[in-house]
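Worksheet: one structure, shown below.
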Amino acid sequence: MATQLAFDEPANFPTIEAARDAARTCQRCPLWRDATETVFGEGPEHAGLVLVGEQPGDQEDLAGRPFVGPAGKVLDEVLTEAEIDRAKVYVTNAVKHFKFEPRGKRRLHMKPNAGEIQACRWWLDAELSLTRPKLVVALGATAAQALLGKAVPVTKLRGSVVERDDGLRIFVTIHPSFILRIPEEIDKQAEFRRFLADMREVGRLMG
Ligand code: URA
C-alpha cells in the first residue's frame, strides 16, 4: 500500500531514489490521470548543477526519463559543445507528468498552468533539498516560474543569475524546444549559438 505523504510539510526523503519511488503514485494535480507515468529527475544525487525543464514530452512520457526526445537532443548537443558532461548533471522538470491534448493519433504538448506548476513544486523542492546544487539552470519560462515562485520575463533575465532568498542561484535561459520551433535554418543556428553562449557561461560559473 502506498504511504500517505504529508504534502502540507516540506518533503523529507532520505535519498533521491526514495523521492522518485514516492512520486510514482503522485496525484497532487489531475495530470497523472492521462500520463503514462511520473517522469522524475535523473542524475547524480549530489550534482553541483541541476537543469530544470518544463514537463516531459511525448517521448519522455513513454520512456519515463527526462529530455530524451527532440528537445533533449538539442540539449545534449549544446551540453557537449559547452563541455558540460550530462552524466554529472541532475536533469529534471518543473512538472513531472506529461500534459497533452489528443489529436488523432498524436498527443499535442500543452503548457502546464500555474496550479499544476505549484502542485509539482513540492517535488522540485525535494529534489533541490537533496541535491543541494551550486547552480540551477531554468530552461524556459515554466522552469523559471517554478523556481522563482512567480512568472518572470525570460527574455529580460536570460543569461543572468537570480539569487533566491534561500541563497539558491538560478541561471535563466531559454527552453531548447524554442530552437526547434524556429522555421528558418539561419535563425535556428543563430539561436543555437546564443543558447550555447548561455551554457558556456553556466560552465564558467561552475568553474
Ligand atoms: N521538454 C521538457 O521541458 N522536458 C523534457 O523532459 C522534455 C521536453
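Taking the alpha-carbon centroid of each part, what is the distance from the stretch 150-205 to the stretch 4-67 in angstrom?
Computed from Cα coordinates, the inter-centre distance equals 23 Å.
Which FRET efficiency value, to the nearest 0.05, do you get for Leu5 and Asp34 by plugging their Cβ-Cβ distance into 1/(1 + (r/R0)^6) with R0 = 25 Å?
About 0.70, to the nearest 0.05.
Less than 15 Å apart at the alpha-carbon level, and either on another chain or at least 8 residues along: which aspartates and glutamates does that give for Lys156?
Leaving aside aspartates and glutamates fewer than 8 places away in the same chain, those within reach of Lys156 are Asp198.
Could you provide, to the nearest whole Å², the per residue accessible area of the chain with probe 1.4 Å?
Solvent-accessible surface per residue comes out at 53 Å².
Given the stretch 15-118, what percent of its DSSP beta bridges are antiparallel, to the nearest 5?
Approximately 55 percent, going by the DSSP bridge assignments.
Let me make sure I get this right: for the stretch 1-108, a, b and c are the square roots of the gyration tensor eigenvalues over alpha carbons, sorted descending. Under 1.5 in a/c it's rounded, otherwise prolate if a/b > b/c, else oblate. Which is it?
Judged from the Cα gyration tensor, the stretch 1-108 comes out oblate (a/c at least 1.5, b/c at or above a/b).
Send over the Kirkwood Rh of the stretch 85-164, from the inverse of the averaged 1/r over different Cα pairs, rounded to one decimal Å.
Here the Kirkwood hydrodynamic radius works out to 14.1 Å.
More than 33 Å apart: what percent of Cα pairs in the chain qualify?
10 percent
Spin-label point model (7 Å from Cα, Cβ direction): what's the Arg169 to Glu81 distance in nm?
So the label points at Arg169 and Glu81 sit 2.4 nm apart.
Could you tell me what percent of the accessible area of the chain is made up of carbon and sulfur, with a 1.4 Å probe and every protein chain present?
On the chain, the fraction of accessible area on carbon and sulfur atoms equals 51 percent.
Give me the percent of DSSP beta bridges within the chain that run antiparallel, rounded to the nearest 5.
Around 40 percent of the beta bridges assigned by DSSP in the chain are antiparallel ones.
Among Glu185, Glu17, Glu83, which one moves the most in a GNM of the chain with springs linking Cα atoms closer than 10 Å?
Among Glu185, Glu17, Glu83, the largest GNM mean-square fluctuation belongs to Glu185.
The values are calculated or read from the model by the stated rules, or taken from the named source; none is laboratory data. Quick caveat: nothing in here was measured; it's all calculated off a predicted structure. All Cβ positions, even for glycine, are placed from backbone atoms using ideal geometry, and neighbour counts span all protein chains on display. Side chains are part of the model used for accessible areas, which takes the heavy atoms of the whole protein and leaves out ligands, DNA and RNA. Shrake-Rupley method; radii C 1.70, N 1.55, O 1.52, S 1.80 Å.
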